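Single-structure report; data block below.
The values are calculated or read from the model by the stated rules, or taken from the named source; none is laboratory data. The structure presented is a predicted model; accordingly, all values stated were derived computationally and were not measured. Please note: Cβ atoms are built from the backbone with ideal geometry, for glycine as well, and neighbour counts cover all protein chains shown. Calculation scope for accessible area: heavy atoms of the full protein, side chains included, ligands and nucleic acids excluded. Shrake-Rupley method; radii C 1.70, N 1.55, O 1.52, S 1.80 Å.
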Amino acid sequence: MAVYTKINKKDISYINKKFENQKFLSFKGIKQGIENTNYLLKSKNNKFILTIFEKRVQKKEIPFFMKLMDQLNDLKIRCPKPLKNHDGKYLFKIKNKVACVVSFLDGKDKKNLSLKNCYDIGKTVAQMHSSSKKIKLFRKNSMNIKNLNPLLKSIKFKSKKFINLEKFLKSNFREIKNKWPKKLPNGIIHGDLFIDNIFFKKNKISGIIDFYFAANDYFMYEIAICINALCFDKKKSQFKLNKKKVKNLIRGYESNKKISGIEKKSLNILCRAAAMRYFLTRLYDYTNTPKTALIKIKDPREYYQKLIIHNNLKNYRDYLV
């Protein structure tokens, strides 16, 4: 979440006309995240999130996200539910951009995850994967292995000190692409399960937010993303893989959905790809985000460290022992 597009009281009046069943009385920008503009809206008795879609989300793909969240709610997966306006549509335009309003989830994200939290997240992810089989929607992953090369080429390595980094990234991309697995179990994944996208209430998961990278991809790639995002500990400025967290994440997942042998063999290369994806997107944002944006830029160096750690691991067992 972030704030690129500024709105005012006149815009809220316009939104109120769209949603006749709700009257939004106040709004406040939300800084966290880096993809879309988000505001907290309050009515007399409820809270909602206004999302204004920005640069990385293609307009033609937004209905997929709306339908997905709506159907996941129907399948008892706790996530934001998009509101339909008086025209019966999820989407409307504001400031010449596509926008939506979704329900507000109680709870908040945690700064540090316990081993039990990791187990519960794994279990919830497996439930989401199993439920997604019942949803007849399809979207190609816009951040899959094929899209990493154009992203890499778009990054401006401005000074000489970045030459070695550029070589490192190109070498990693070639190796990841050559070793990319084929025909793994797949379906709809969240695709961006960071710690700030998982809400807890009384130490229990209350819901998952931010489905705007959801797509059809390997289920194991989701686990690789979770390992990168949730299973590293930071001491001072150094990141270290917490294998106990990985073990609990996978144990939680397998309590609901088994992981096949071929998926386990693919874990390392998928973890490397996930680390490279976030390294590249953060490098891009670091060099391209306008200074006027009300946004917290995330440090790309975190995923440089994580990619090196994955490069020094080989097989599934290396992540557990």
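Key figures
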| item | result |
| --- | --- |
| Residue list for region 210-222, filter: over 16 Å from N147 (Cα atoms) and open to solvent by 10 Å² or more (accessible area, probe 1.4 Å) | D210, Y212 |
| Tabulated pairs, region 118-146, first without any contact (Cβ under 8 Å) to a residue 12 or more places away in the chain, second open to solvent by 20 Å² or more (accessible area, probe 1.4 Å) and not in a helix (DSSP H, G or I), C-beta under 6 angstrom, 6+ apart or interchain | none |
| Close pairs from region 81-92: first within 17 Å of I49 (Cβ to Cβ), partner open to solvent by 80 Å² or more (accessible area, probe 1.4 Å) and in a loop (DSSP other than H, G, I, E, B), Cβ under 9 Å, at least 6 apart | L83/N21; N85/E20; Y90/K84 |
| Checking C226 against (1) open to solvent by less than 30 Å² (accessible area, probe 1.4 Å); (2) in contact with a Gly (Cβ under 7 Å, 6 or more places away or on another chain), the condition it does not meet | (2) |
| Meets criteria (among the basic types (K, R) and either free of Cβ contacts under 8 Å to residues at least 60 places away in the same chain or touching a helix residue (DSSP H, G or I) at 6+ places or on another chain (Cβ under 8 Å) (or both)) for K201 | no |
| Some residue of region 137-144 being touching a strand residue (DSSP E or B) at 6+ places or on another chain (Cβ under 7 Å), of a type in the set (F, W, Y), modelled with pLDDT of 95 or more and loosely packed, with under 13 Cβ neighbours inside 10 Å | yes |
| Matching residues in region 6-41 - criterion: being in contact with a strand residue (DSSP E or B) (Cβ under 7 Å, 6 or more places away or on another chain), free of Cβ contacts under 8 Å to residues at least 40 places away in the same chain and open to solvent by 40 Å² or more (accessible area, probe 1.4 Å) | L25, S26, F27, K28 |
| Any hit, region 169-191, residues being at pLDDT 95 or above, under 18 Å from the mean Cα position of the chain (by Cα) and of a type in the set (V, I, T) | yes |
| Out of K234, K265, K247, K243, sole residue that is open to solvent by 60 Å² or more (accessible area, probe 1.4 Å) and within 13 Å of K306 (Cα to Cα) | K234 |
